[in-house]
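Quick notes on the structure that follows.
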Amino acid sequence: MQSMQSLPASSSTQNRPQSANKWIALTALCLVVLLVVMDNTIVNVAIPTLSEALNASSTDLQWVVDAYTLSFAALLLPAGKLSDRWGRRRMLLIGLVGFTLFSAGAAFSWTLWQLVALRVALGVSAAMIYPATLSLIIVIFEDSKYRSLAVGLWAATSGVGIALGPIIGGILLEHYAWNSIFWVCAVIGLVALVCIAVAVPESRTFHSEKFDFPGTVLSVSGVGLLVWAIIERPTYGWLSWQVIGGICVSLLVLAAFAAVEWRTPAPLIDVSLFRRAIFTSSTCAICIAFFCLFGFIFITTQWFQALRDYSALKTALSTLPFAVVMAAVAPLATQLAKRFGHRVVVTVGLVFLSASMFVVTQVGAHCDYWLAVVPTMALMAAGIALVQGPATDALMSTVPESSTGAASAVNDTIREIGGTLGVAVMGSAIVSVYPGKLADALSGLHIPAAVTKAAQDSVMAAHSIVPHLPVAIRHSAQQAIETSFMSATHAACWIASGLSLAFALLCWLTLPKHS
């Protein structure tokens with residue numbers, strides 16, 4: 001197999017920007033990142049509203065979210081490679097045109113499956129966009145002392161976008177119809193399209209060899225099936241043949257993909273990169289960071305709304321400290337890595353993540369927001385910022401400029417899989433602990449079995465049932481629900497804390513001491 005590092009010198013970029021234009025280009029690229037990441041979370045707050053507007057069940061509506069995630073994750077690798085070959089700016093512009101048009105089309109949806117189909121198209125467009133942003137930043141700031149800072153700002157924008165989506169969605173739904181969340185994405189997409197066309201130069205590598213179609217088919221099938229199996233875990237259960245079969249088949253397909261890539265003269269991704277400790281450890285660190293982030297968001301949404309009685313908008317606004325700390329620390333993280341080395345910074349970030357998850361295991365449902373919740377979110381945001389930027393910088397430093405799109409796609413795919421796994425694993429911990437704890441806690445209140453079973457489905461279902469119980473037992477029932485859910489939350493956070501600590505040890509042993 002021809003190694004990425006052995007590509008000829010003629011595989012170079014075009015139109016490298018002048019120094020004065022680099023920061024304008026970076027601003028435009030960060031706006032695009034904000035759009036793609038925000039669209040991944042802004043829809044979550046609209047699910048209850050969409051249920052009424054489209055007359056669909058919650059299970060069906062979950063595909064409005066998952067259709068985007070699935071198509072996005074499955075197509076990242078081939079899209080990243082194509083951006084290297086066809087032109088990163090060209091790929092970005094095509095993706096932005098599609099993203100803008102499909103967002104506007106989603107605003108006119110009148111049936112559920114029309115909206116799901118458009119969300120699939122949005123995921124395809126996002127896959128064309130996202131890898132190109134990081135690879136363009138790497139190329140634009142090549143040989144610049146500000147490269148690490150630029151990567152840090154890219155990472156900060158990605159983290160802030162995750163928190164900003166629900167906030168913007170909540171504000172829009174307070175005043176406008178559900179389709180406003182798609183209109184705002186269409187408007188931002190149009191602005192981003194103009195900014196990229198004006199500010200960002202073209203960059204591509206020259207390849208005479210054929211595109212790796214067998215690798216593309218295997219990567220799309222393997223990643224897509226793996227993400228689908230994880231997403232469908234709540235529907236079928238971890239031990240179902242659908243989920244176990246899906247995961248096993250996906251792993252076999254991905255093994256076949258690795259074997260094919262090893263023998264292909266021009267692979268989609270050079271799998272020998274995973275033999276490098278820096279590359280593998282960096283991807284693992286990024287994976288566990290997004291595992292904790294998305295798992296924590298999944299838990300806190302239910303915690304704040306069901307137990308603290310927050311509205312969807314107040315829940316979203318409560319995460320503002322996370323966004324603020326993320327925006328402040330992420331640009332500094334890559335500079336700290338230059339000073340102290342990737343090993344120290346990434347390891348400290350993972351220890352911070354572990355500590356934040358540990359803190360959650362010690363709090364109750366009504367702990368003080370400013371004294372307990374905000375410091376925990378700040379610690380988590382700092383941990384993710386210390387991991388994301390430096391780990392991404394370390395990962396990208398192991399690949400040549402000619403393959404930055406493909407490597408960026410690996411980075412992005414790992415994020416998506418890590419986030420999906422976080423929701424699945426931590427959600428499974430909730431499902432495993434909460435029903436049993438609740439049944440025991442409600443056993444002495446003489447509540448009908450059918451009511452108890454309905455309350456065991458989810459903490460949100462239990463919250464809606466409490467007002468219909470006899471007045472004399474409402475308080476006791478509410479306390480039982482709170483205690484049971486927090487016990488389940490503690491179990492989920494113990495898992496995240498332990499995994500973060502284990503990966504911190506791995507990164508300490510494998511990442512280089514000096515940048």
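The values are calculated or read from the model by the stated rules, or taken from the named source; none is laboratory data. No experiment lies behind these values; they were computed from the predicted model shown. As a convention, Cβ positions derive from the backbone with ideal geometry for all residues, glycine included, and neighbour counts pool all protein chains shown. Heads up: the accessible areas ignore ligands, DNA and RNA and are worked out on the full protein's heavy atoms, side chains in. Shrake-Rupley method; radii C 1.70, N 1.55, O 1.52, S 1.80 Å.
Observations on the structure shown:
- Acute angle (nearest 10 degrees) that the helix 374-396 long axis makes with the longest principal axis of the chain, alpha-carbon atoms: 20 degrees
- Using θ = phi - 60° and Karplus 6.51 cos²θ - 1.76 cosθ + 1.60, couplings along segment 445-454 (whole Hz; Gly, Pro as x): 9, 6, 8, x, 4, 5, 5, 4, 5, 5
- For the chain, a simple Cβ point-charge model (Lys and Arg +1, Asp and Glu -1, everything else neutral) yields a dipole of about 1000 debye relative to the Cα centre.
- Amide H contacts under 5 Å for GLY87: THR205, restricted to partners 5 or more places along the chain or on a different chain, H placed in the peptide plane at 1.01 Å from N.
- Those aspartates and glutamates that a straight Cα-Cα span of less than 18 Å connects to LYS513, excepting residues fewer than 8 apart in one chain: ASP393
- Centre separation in Å (Cα based) which lies between segment 168-203 and segment 267-322: 23 Å
- Taking 7 Å steps out from each Cα toward its Cβ at THR483 and ARG90 produces label points 6.6 nm apart.
- Segment 181-298 shape via C-alpha gyration tensor axes, a/c threshold 1.5: oblate
- Cut-off 15 Å between beta-carbons: net charge of the residues surrounding GLY389, Lys and Arg +1, Asp and Glu -1: +3
- Charged-residue dipole, Cβ positions (Lys, Arg, Asp, Glu), segment 15-124 about Cα centre, Debye nearest 20: 780 debye
- Phi angles of segment 37-47 translate, via the Karplus equation with coefficients 6.51, -1.76, 1.60 and θ = phi - 60°, into HN-Hα couplings of 5, 4, 5, 6, 10, 5, 6, 4, 6, 8, 4 Hz per residue; Gly and Pro are given as x.
- Cα-based reach from LYS81 at 15 Å (exclusive), listing aspartates and glutamates while leaving out same-chain residues under 8 positions away: GLU209, ASP212, GLU261, ASP270, GLU401, ASP412
- Average accessible area per residue (Å²) across segment 144-299 - probe 1.4 Å, nucleic acids and ligands excluded: 41 Å²
- Of the solvent-accessible surface of the chain, computed with a 1.4 Å probe and all protein chains present, 68% belongs to carbon and sulfur.
- Were the residues from MET460 through ALA472 laid out at 0.36 nm apart, the gain over their Cα-Cα distance would be 2.2 nm.
- With helices as the sole contributors, the chain gives -26500 deg cm²/dmol at 222 nm; each DSSP H run of n ≥ 4 counts as -39500 (n - 2.57), and the sum is divided by every residue.
- Straight-distance crosslink candidates among aspartates and glutamates, where the alpha carbon sits under 12 Å from LYS314 and sequence neighbours closer than 8 are dropped: GLU174
- The label point for LEU445 and the one for VAL374, both projected 7 Å from the Cα toward the Cβ, are 3.3 nm apart.
- Simple label model, 7 Å out from Cα along Cβ direction - VAL217 to ARG276, nm: 3.0 nm
- Global geometry of the chain, whether rounded, prolate or oblate, following the gyration tensor of its Cα atoms and the 1.5 cut on a/c: prolate
- Qualifying chymotrypsin sites (Phe, Trp or Tyr not before Pro) in segment 116-202, DSSP loop, other Cβ atoms within 10 Å at most 15: TYR176
- Split the chain at each of the trypsin sites (Lys or Arg not before Pro) in a DSSP loop with at most 11 other beta carbon atoms within 10 Å, and the longest piece is 211-512.
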